[in-house]
Amino acid sequence: MAPKPKPKPSTSPSQPPPPIEDLFASLDKHIQRSEFEQAVKVADQVLSIAPGDEDAIRCKVVALIRADDIDKALSAIQSSQRIPVDFSFFKAYCLYRQNKLDEALKSLKSQEKNSATLLLESQILYRLGKLDACIDIYQKLQKSKIESLEINSVASLITAGRASEVQGMMDAFRVKATSSFELAYNTACSLIEKNKYTDAEQLLLSARRIGQETLLEDNIPDDEIEIELAPIAVQLAYVQQLLGHAQEATEAYTDIIKRDLADESSLSVAVNNLIALRGSKDVSDSLRKLDKLKEKDAQNFQLSHGLDLKLSPKQRETIYANRVLLLLHANRMDQARELVAALPEMFRDSVMPVLLQAAVLVRENKAGKAEEILGQFAEKFPEKSKVVLLARAQVAAAASHPHIAAESLSKIPDIQHMPATVATLVSLKERAGDIDGAAAVLDAAIKWWSNSMTDNNKLSLIMQEAASYKLRHGQEEDAARLYEELVKSHGSVEALIGLVTTVAHVDVSKAEAYEKKLKPLPGLKGVDVDSLEKTSGAKHVEGGPHVGVTETYDEGKNKAKAKKKRKRKPRYPKGFDPANPGPPPDPERWLPKRERSSYRPKRKDKRAAQVRGSQGAVVREKHEPGAAAASSSSTNSKSNQATTSKGALQNSVVDQTTKSSSKSSRKKSRN
């Protein structure tokens, strides 16, 4: 029997939409409960009834932003351009979240300068690296009661390299470092910048304790607490690294990476710091750890989109630089070249890409090309040329191009007078054969320090080295003049000795006059100089003591007695009784048996030499095989001698032992 067909549902007339007031009440309820996806659906219902409702569009955009659906929020803003509502602020925020910072800043310019727009502008400037402008905005917002403003202000000062101003900023906000764990963390970072590592460690421990107490009060699960406090754990490991506790830092970084309970940015910092701590060790493992940070679908190394948004430009640049250095250590030159070629577009205002490009060329033994690109960059960007010129000087010096190295150092004016730079330039010019140029460097340094008013003046040091250099290169008059100035201005004993030694070549009477200013050496009163000059000098005595110090009679009397050598007890073999030593050992026990006095050679068998048969007959039957054996053994010995002399020597010794010793003599004597 066929089954009965199911009755079709009766078509009811379409239900009327709910009142718009109820929809807005539902929308408000979802927003209050942070149910943003439901709020978006209700806002769409409102817009289906009233397409141009400004409040519904605004609620939809805000709900999409709070739900982290930035692309849809931006699409909703763009689709509502016909409505006379200004969504420039929300558009700027969405562009900021998409890391389109220049467009975000442009969209924000049309907005009125209130606390919300200024705060967003400061965050965009911070991400762009324009930290001074960012700090200026924070200073304008000090009177406005914005939550966490002091935390962001301290972070901006530290990133801008103005850690010394952190305490003043906190005093202006009237807050203490321990008022929150975020502020304690940022203040500890400022202490790290000021090289106060122990104080920073204590403050980081306090930040972790405050953070745990605060988050536990909010009933946050333990896993989320550990994720929230992961930056503090990474920074504590970094402090251990700075304090020289490499083992503790390595263990801390490894534990953070293995547990994988840190946020993405903290994990990337831990990986980078661990790689830097290892250096050239475990290169393959370091590259594998860096691969976890890259975009999954990208063929080449590229940080994930989330890390690009969260990390600062300096942090991203450091990770890419370490990646290139690891590739060079692993000898993956193609990957290194490919990554270096992409870096100038990523970091346009940085010198790191050109330095890494030079490193790759040096690794390929193309030092000349590296010097060329570094020189071109220094000419194109003179405001960034200091580090580049230093790198060019180092590359040229390592490649035995001293003239290029000296030229590069000479183009850095603010370090020309420093003692280390002066010494390096003089050494390079000496290697290049430019003696006059090296002397000119020393003269310029002396002139600069003569006019300098600094407390830590290096004039005496530079003059001493200049005088020594000129004396070494035969410029006695200039050296004497420098030594004389040193004696008059500083009263240096070393300069006085150098002056006497130098002037003695030019003006003996002047040297004698300065020699009188030297203090007499103790112990030389009993030495008759005239009689000493008449002697033929000290004679070398074979096996005698080292001659080099003349002792007077007074010193000989006061000479301390030689130390007596401590007598050591003789060490006896195990089980040996020195009171009952027993019979003495055979004095000939180390000699071969045939050389001992008790040796008796084996008596020859005279019967073997008797010839049987008639007179004149020769019997060959028994001795022919022996003759053949003798010939074969002689052939073998020749081949052994031709192979190695050591083998031939060993074979000959065995032959002699076999011939000369009997069966009983092969046993080693134990006497």
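The values are calculated or read from the model by the stated rules, or taken from the named source; none is laboratory data. These figures come from a predicted structure and were not determined experimentally. Cβ placement follows ideal geometry from the backbone for every residue including glycine, while neighbour counts extend to all protein chains displayed.
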For a quick check of your reading of the model, give me the residue pairs whose first member lies in region 294-307 and is closer than 14 Å to Ile319 by Cβ, whose second is surrounded by fewer than 10 Cβ atoms within 10 Å (Cβ to Cβ) and of a type outside the set (Asp, Glu), with beta-carbon atoms closer than 8 Å and at least 6 apart or on different chains. Ser304/Lys296
Kindly establish whether Ser156 is among the small types (Gly, Ala, Ser), in contact (Cβ under 8 Å) with a residue 24 or more places away in the chain, closer than 19 Å to Leu191 by Cα and not assigned by TED's automatic domain parsing to the domain that holds Lys72. no
Pairs, first assigned by TED's automatic domain parsing to the domain that holds Thr502 and in contact (Cβ under 8 Å) with a residue 12 or more places away in the chain in region 450-477, second of a type in the set (Lys, Arg) and surrounded by 14 or more Cβ atoms within 10 Å (Cβ to Cβ), C-beta under 8 Å, six or more apart: Glu476/Lys470
Go through (1) under 18 Å from the mean Cα position of the chain (by Cα); (2) closer than 21 Å to Gly375 by Cα one by one and return the number of the condition Ser350 breaks. (1)
Select, from Leu361, Leu309, Leu343, the only residue that is farther than 16 Å from Asn272 by Cα, in contact with a Pro (Cβ under 6 Å, 6 or more places away or on another chain) and either crowded, with 20+ Cβ neighbours inside 10 Å or at pLDDT below 95 (or both). Leu343
Can you pull out the helices (runs of 4 or more DSSP H) entirely within region 44-113 that have at least 1 residues that are in the same structural domain as Tyr126 (by TED's automatic domain parsing) and loosely packed, with under 14 Cβ neighbours inside 10 Å? 54-66, 70-79, 101-108
Starting from region 19-46, keep only residues that are over 20 Å from Ser75 (Cα atoms), then list their pairs with residues that are among the small types (Gly, Ala, Ser) and at pLDDT below 85 whose Cβ atoms are within a distance under 9 Å, requiring at least 6 positions of separation or different chains. Ile20/Ala50
Would you say Thr187 is surrounded by fewer than 19 Cβ atoms within 10 Å (Cβ to Cβ), of a type in the set (S, T, N, Q), modelled with pLDDT of 90 or more and touching a helix residue (DSSP H, G or I) at 6+ places or on another chain (Cβ under 6 Å)? no
Considering every residue within region 13-27, establish whether at least one is modelled with pLDDT under 85, surrounded by 13 or more Cβ atoms within 10 Å (Cβ to Cβ), part of a loop (DSSP other than H, G, I, E, B) and among the small types (Gly, Ala, Ser). no
Pairs, first closer than 21 Å to Pro221 by Cα in region 249-269, second of a type in the set (D, E, K, R) and modelled with pLDDT under 90, C-beta under 9 Å, six or more apart: Ile257/Lys292; Leu261/Asp223; Asp263/Lys310; Glu264/Lys310; Ser265/Lys310; Leu267/Asp260; Leu267/Lys292
Residue pairs, Cβ under 7 Å, 6 or more apart or interchain, first in region 103-130 and under 17 Å from Ala155 (Cβ atoms), second of a type in the set (Lys, Arg). List them. Leu118/Lys140
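Is it the case that Gln212 is in contact with a helix residue (DSSP H, G or I) (Cβ under 8 Å, 6 or more places away or on another chain), of a type in the set (S, T, N, Q), part of a helix (DSSP H, G or I) and without any contact (Cβ under 8 Å) to a residue 24 or more places away in the chain? So that I can check it myself, show each step before the final result.
On the way: in contact with a helix residue (DSSP H, G or I) (Cβ under 8 Å, 6 or more places away or on another chain): yes; of a type in the set (S, T, N, Q): yes; part of a helix (DSSP H, G or I): yes; without any contact (Cβ under 8 Å) to a residue 24 or more places away in the chain: yes.
Taking the combined requirement at face value, the residue satisfies it.
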